[in-house]
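> Sharing a structure here in structure tokens format.
We did not get these values from a lab; they are worked out from the coordinates using the rules stated. Keep in mind it's a predicted model, so treat the numbers as computed, not measured. In this analysis, Cβ positions are derived from the backbone assuming ideal geometry, glycine residues included, and neighbour counts consider all displayed protein chains.
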Amino acid sequence: MRVLIAEDDAVSRRLVERALSKLGHDVIAAADGRLAWEAFRKEPFSLVVSDWMMPMLDGLELCRLVRAENRRKYTYIILLTVLGGKGSYLEGMRAGADDFLTKPLDAELLQSRLQVAQRVLKLQAEVSQLLELLPICSYCRRIRDEAGGWSPIEEYLAARTQTRFSHGICSDCYQKVVLPEIAGR
């Protein structure tokens, strides 16, 4: 999995980086939230592990920025924090975090949280793939819409995209349909 670390403390950053690398992940580490945000904007990451309290851009703001990107592929976010309590947990969740780990880092807990992240990301990818499928009638080629109705493909696509259609006749249909109709007159 491609992982981005945002951690301003060099020792903590190295510990997280080493633990993730040992588990076989491709890791990029940033020394603060602003550098992590720049890295995130340049390339996709499946997972962000971010310290909560950092200079330049803290972990909560990084969460908000990642969520505002609204990318097609979901990014799972784990916040590292020394903060505890219900209020901190709720604040982090509202900012867009998926999970929390307390400092100092426990490598076994990190590994178990990564397993959860991988399950969630796998399910999200499967759901995205299913949403990309268009239920189309094998006979009339109409598409079933969100309300359960059936629409001509042209109407369905025109209502959801900038697509415009022009009509023609393909060579197969010309041979199989048009020529016999012309000959029958």
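> Considering only DSSP beta bridges where both residues belong to the chain, give the percentage that are antiparallel (nearest 5).
In the chain, approximately 15 percent of DSSP beta bridges are antiparallel ones.
> Sorting Val27, Val66, Val120 on the 10 Å Cβ count, fewest up front, what's the list?
On the way: Val27 19, Val66 25, Val120 14.
The order, fewest Cβ neighbours first, is Val120, Val27, Val66.
> Using only DSSP helix segments of four residues or longer, with each worth -39500 (n - 2.57), what per-residue ellipticity at 222 nm results for the chain after dividing by its residue count and rounding to 500?
-14000 deg cm²/dmol, from helical runs alone.
> What longest range of the chain stays clear of loop-exposed GluC sites (Glu not before Pro) (DSSP non-H/G/I/E/B, at most 16 other C-beta within 10 angstrom)?
In short, 1-131.
> Take the Cβ-Cβ distance between Ala159 and Arg34 as r, set R0 to 45 Å, and report the resulting FRET efficiency rounded to the nearest 0.05.
Taking R0 as 45 Å, the efficiency between Ala159 and Arg34 is 0.65.
> What spacing in nm lies between the two simple spin-label points modelled at Arg67 and Ser112, each 7 Å away from Cα in the Cβ direction?
Those two pseudo-labels are separated by 2.5 nm.
> Taking a ≥ b ≥ c as the square roots of the eigenvalues of the Cα gyration tensor of the range 1-71, is the shape rounded (a/c under 1.5), prolate (a/b larger than b/c) or oblate?
oblate
> Give me D for the chain in µm² s⁻¹, whole number, from Stokes-Einstein with Rh from the Kirkwood sum over alpha-carbon pairs, 4 °C and 1.567 mPa s.
D = 65 µm²/s.
> How about the range 35-144: which chymotrypsin sites (Phe, Trp or Tyr not before Pro) there lie in a loop by DSSP and see at most 13 other Cβ atoms within 10 Å?
Hits after loop and neighbour filter: Tyr139.
> For the range 106-183, what are the per-bin percents of Cα-Cα distances with bins 5 Å wide, up to the bin holding the maximum?
3, 11, 11, 12, 13, 10, 10, 7, 6, 6, 4, 3, 2, 1, 1, 0, 0
> Could you give the semi-axes, largest first, of the ellipsoid that matches the range 143-184, computed as the square roots of 5 times the alpha carbon gyration tensor eigenvalues and rounded to whole Å?
So the equivalent ellipsoid measures 30, 13, 7 Å along its semi-axes.
> At what distance in nm do the modelled label points of Arg141 and His25 sit from each other, each positioned 7 Å from its Cα along Cα→Cβ?
Label-label distance for Arg141 and His25, simple model: 4.7 nm.
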